[in-house]
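The values are calculated or read from the model by the stated rules, or taken from the named source; none is laboratory data. Owing to the predicted nature of the structure, the values given are computational and were not obtained by experimental measurement. Here the Cβ is made from the backbone with ideal geometry for all residues, glycine too, and neighbour counts use every protein chain on show.
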Amino acid sequence: MKRLFQNLALVLASLVLCALFGEIAVRILYPRIANYNMEMWHYASKVKQRTSNPKLPFLHAPNRDGFFYGADIHTDSVGFRDRDYPVARVPGKRRIMLLGDSFTLGWGVPFDSTFSKQLEKLLNDSGRPTEVINTGVGNTNTVMELEQFKEIGLRFKPDMVILMYYINDAEPTPPVVGPLKTAIVTHSYLIAFLSDQMIKLTPRVNQSYDWRAYYSGLYQPGRPGLAASRQAIDELAALCKQNGIQLVIADIPELRELKHYPFPEATAFVRRAAQQNGVPFVDLLPALVNEEPSTLWVSKEDPHANAKANVIIGRALFEAVNKIESPKQTGPPVGKAR
């Protein structure tokens, strides 16, 4: 029995030493082996914080900095990737708030190139003093974006809110992760590396994975994530109306196939939600459809919108806002983007 315990202790010590060696090795090699999945983990571990709200399992922590997938990300005093705008409004300056996920965040894109800052620059250059606040957080859906707006964004009293809808916003909200698991996953480079290797072995990323079928499946009747997304849009529309805020819903297309867009049901879903709530809808596909898709991606492995795509989206949003409000208008909007 004594020898058995000694052998078990020896095996355990060997495993701990191997794990420690692996952790050190991955940390040293990380700049060379980092890819999209690992950089997403790195961003989440350095910038996000967990919450106890089941509808908002995580959000950005305030005053965080990091360099992820080729771009610096800095969060302000409330956790937005933006300048530190005071809650108090500047007299004579409008305020627009963008809600969204990693596309709105500007994953892999320099801060000034994000479509939120492009929109802000275009509005100010046209003689319309405006603050455009970017509240985008990676890996969120409509439910989570609504919750963050209620908890943080609403206090900034924007004149306009633009919900930047993306096709995976119909995914279910992830569960709240406990503090022990959070601590382990957050700090271990080795676990992140092994998780990435496991992902590469799953059907989701090998040749048998059909991303078209996956996204289309999110919009089949009866899917819980779809129903939750629609409920969140309805609640956001009611909340904005109650607070005198102009809501606009913009649909960001999936960028891998544009000419013959394979997800009309997703566009129809969000368009219908906007129309039934009486808010303007902006379809961004026409602004991007004539571009070669690969020229719009952050990288070959990552079809997030790059700087070029952000410029195009920023211009399309600017044109949509011009249709909703005249340049000199300071009261309620006079029209809707079609």
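Listed here are the residues, each with its yes/no results for (1) of a type in the set (Asp, Glu); (2) surrounded by 16 or more Cβ atoms within 10 Å (Cβ to Cβ); (3) at pLDDT below 95; (4) closer than 24 Å to Ile191 by Cα.
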site	(1), (2), (3), (4)
Leu4	no, no, yes, no
Glu23	yes, yes, yes, yes
Pro31	no, no, yes, yes
Asn37	no, yes, yes, yes
Trp41	no, yes, yes, yes
His60	no, yes, no, yes
Phe67	no, no, no, yes
Thr75	no, yes, no, no
Exercise. Which one of Lys2, Lys55 is in the same structural domain as Ala228 (by TED's automatic domain parsing) and more than 17 Å from Leu194 (Cα to Cα)?
Worked result: Lys55
Exercise. Among the listed residues Ala44, Ala13, which satisfies the condition of being over 30 Å from Thr140 (Cβ atoms), of a type outside the set (Asp, Glu) and part of a helix (DSSP H, G or I)?
Worked result: Ala13
Exercise. Just one of Lys300, Lys323, Lys308 is surrounded by fewer than 19 Cβ atoms within 10 Å (Cβ to Cβ) and free of Cβ contacts under 8 Å to residues at least 12 places away in the same chain; which is it?
Worked result: Lys300
Problem set entry | Residue list for the stretch 237-261, restricted to those being surrounded by 14 or more Cβ atoms within 10 Å (Cβ to Cβ) and closer than 12 Å to Gly278 by Cα | Ala237, Cys240, Lys241, Gln246, Leu247, Val248, Ile249
For this session: Kindly indicate the residue of the stretch 187-216 that is under 21 Å from Phe21 (Cβ atoms) and within 21 Å of the chain's Cα centre (by Cα) and also modelled with the highest pLDDT among those meeting that condition.
Result: Ala192
Exercise. What tally of residues in the stretch 82-117 results from selecting those that are under 18 Å from Gly244 (Cα atoms), touching a residue at least 60 places away in the same chain (Cβ under 8 Å) and hydrophobic (A, V, I, L, M, F, W, C)?
Worked result: 5
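Table: residues versus (1) in contact with a Ser or Thr (Cβ under 9 Å, 6 or more places away or on another chain); (2) within 19 Å of Leu226 (Cβ to Cβ).
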{"position": "Ala266", "(1), (2)": "yes, yes"}
{"position": "Gln275", "(1), (2)": "no, yes"}
{"position": "Gly278", "(1), (2)": "no, no"}
{"position": "Trp297", "(1), (2)": "no, no"}
{"position": "Lys300", "(1), (2)": "yes, no"}
{"position": "Asn322", "(1), (2)": "yes, no"}
